[in-house]
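Here is the structure we will look at.
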Amino acid sequence: MADKDFRKLKRWELIEIIEGLQKDLQETTEENDGNKDKKIELDVALQSIRAEQAHREKKQHLFSALGILLVVAAISVLIATRLVPVLQVSGKSMEPALENGELVVIKKTTKIKQGDIVGFYYQSKILVKRVIGTAGDCIDIDEDGNVYVNGEKLDEPYAIKKDLGECDINFPYQVPEGKYFVMGDHRSVSVDSRSSAIGCVAEDQIIGKVAFRFWPLSKMGFLK
């Protein structure tokens with residue numbers, strides 16, 4: 001019995017053998033007939049088959065866990081590509097509103113307005129910036145970095161280190177039809193619509209509005 005290959009047995013067969021061995025061992029003990037060899041053989045067989053059963057249960061738990069992970073991964077991919085894209089913030093251009101490494105959810109929408117933080121495609125990357133002006137708006141920025149839209153100075157408590165930054169366009173600048181003028185909150189390091197390298201963002205480039213931060217947990221919540 002001790003040399004039997006239990007790996008080839010089915011689960012119900014293992015259970016039957018365990019029950020039989022336990023019964024035989026109990027009877028041998030009760031008889032107290034001095035048959036130590038038989039008792040040792042039963043003990044060894046019982047330990048072997050229990051070890052096989054434990055091994056199978058461990059594999060079953062592992063496969064179950066892997067199955068759950070695969071389902072979660074599949075759902076995450078579905079969410080990221082079809083429903084609500086998930087994005088990791090890269091760089092310092094949106095500090096302090098968003099910091100490098102944070103994870104955010106982008107809500108797909110075409111209803112974009114001034115002040116919204118949006119994610120948009122630029123070449124092979126996704127950038128995150130704040131909408132400053134929409135189609136037809138006249139944008140102006142003075143030497144101190146103050147921003148004016150249609151002649152009115154914007155109140156920008158979110159912006160830090162205001163200056164012209166990387167700017168090679170002429171002001172005042174009118175936003176073309178079907179486009180958005182975007183800027184990073186960290187004005188001295190952000191490369192955005194002030195640079196002709198990026199320019200205004202077309203409607204079909206925009207994925208949606210950055211709506212929710214879920215990492216780090218200490219800062220989890222909806223974004224204004």
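Every read-out reported here was derived from the displayed coordinates using simple, explicitly stated rules and does not represent laboratory data. The model shown is predicted, which means the values in this text are computed figures rather than measured ones. Virtual Cβ from ideal backbone geometry, glycine too; neighbours counted across all protein chains shown.
For this structure, a couple of remarks:
- Each peptide in 206-212, 166-172 receives the mean, over its residues, of other Cβ atoms within 10 Å, and ordering these scores from highest gives 206-212, 166-172.
- Full extension of the chain between Tyr121 and Gln47 gives 20.5 nm of extra length, using 0.36 nm per residue less the Cα-Cα distance.
- Coupling constants for segment 156-162 follow from the phi torsions by the Karplus curve (6.51 cos²θ - 1.76 cosθ + 1.60, θ = phi - 60°), and in residue order they are 10, x, 7, 7, 10, 6, 5 Hz; glycine and proline get x.
- Expressed in Å, the radius of gyration and Dmax of the Cα atoms of segment 139-184 are 10.7, 30.
- Treating r as the C-beta distance of Gln114 and Ser196 and R0 as 30 Å, the FRET efficiency rounds to 0.85.
- Square roots of 5 times each gyration tensor eigenvalue, C-alpha, segment 169-224, largest first, Å: 27, 15, 9
- Over 21 Å [Cα-Cα, segment 114-224], rounded percent: 34
- Distant-in-sequence amide H partners of Tyr122 (H built 1.01 Å from N, under 5 Å): Leu127
- Length gained when the stretch Leu164-Leu103 is fully extended (0.36 nm per residue, less Cα-Cα span): 19.1 nm
- A simple rule links phi to the HN-Hα coupling: the Karplus curve 6.51 cos²θ - 1.76 cosθ + 1.60 with θ = phi - 60°, which for segment 132-144 gives 9, x, 10, 3, x, 5, 9, 9, 9, 9, 7, 5, 8 Hz, with x for Gly and Pro.
- Our compactness index for segment 87-155, the C-alpha radius of gyration over the empirical 2.2 N^0.38 Å, is 1.24.
- The H on the amide N of Val182, modeled in the peptide plane, is under 5 Å from the matching H of Ile132, Ser193, Val201, each at least 5 residues off or on a different chain.
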